[in-house]
Amino acid sequence: MTTIDAASSSATPISNRTRGEDREWLSTAVDLAWRCPPSPRAFNVGALIIDADDRELARGWSRDTDEHVHAEESALARLAPNHPRLPGATMYSSLEPCSIRKSRPASCTRLIIDSGIRRVVFAWREPSLLVEDCQGAELLREAGIEVVEFPEFTPQVKAANAHLFGEG
């Protein structure tokens, strides 16, 4: 996995997107987290799917279509399952995609793997607040998906989720 604050990985990246471009799209995903209807039992998450030509294909946020939908799931649902641009696309999410799901049979990690997306960029590793030991990043990497983390966005994502920490 690539962590921007850590030493660079020897793995060849799947995307030629610059760190600045990644930061811009991730910033938009973080902004989308503020659109979520707050829930005492769920994170506020924003997600975007951006194609290889740097065009937005879809966006979503937690609980935007129903009380159980996750951001990544919502964005993916806006595209046909066999959309031809998904294999070259990047999923940007304000939170590490879930690896365990209480409200649906498939986790966001599984949905991303099955979609054909080959790259995921996220801001904050899911803390063990609602689900113990999220393994989204590891499972994505094991599936051959490039994973990039920008922990510098963590404070903004935590702020959008202050309701879970008794701060909002």
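The values are calculated or read from the model by the stated rules, or taken from the named source; none is laboratory data. The shown structure was predicted, so the numbers you read here are calculated from the model rather than taken from an experiment. Note that we place each Cβ from the backbone using ideal geometry, even for glycine, and neighbour counts take in every protein chain shown. To get the accessible areas, we keep the full protein, side chains included, count just its heavy atoms, and leave off ligands, DNA and RNA. Shrake-Rupley method; radii C 1.70, N 1.55, O 1.52, S 1.80 Å.
General observations
- Whole-angstrom gap from region 132-149 to region 41-108, using each part's C-alpha centre: 15 Å
- Basic side chains Lys and Arg get +1 at the Cβ, acidic Asp and Glu get -1 at the Cβ, and with that the dipole of the chain about its Cα centre reaches some 280 debye.
- Carbon/sulfur fraction of accessible area - the chain, other protein chains in place, 1.4 Å, %: 50 percent
- Nitroxide proxy distance, nm - points 7 Å out along Cα→Cβ at residue 78 and residue 31: 1.4 nm
- Extension gain from residue 53 to residue 66, taking 0.36 nm per residue of separation minus the Cα-Cα distance: 1.6 nm
- Considering only the chain, percent of DSSP beta bridges that pair antiparallel, nearest 5: 50 percent
- Its alpha carbons considered, the chain gives a radius of gyration followed by a Dmax of 14.5, 43 Å.
- The chain - accessible surface per residue (Å², probe 1.4 Å): 48 Å²
- Site pair residue 114 and residue 165 shows an inter-label distance of 3.3 nm when each label is modelled 7 Å from Cα along Cα→Cβ.
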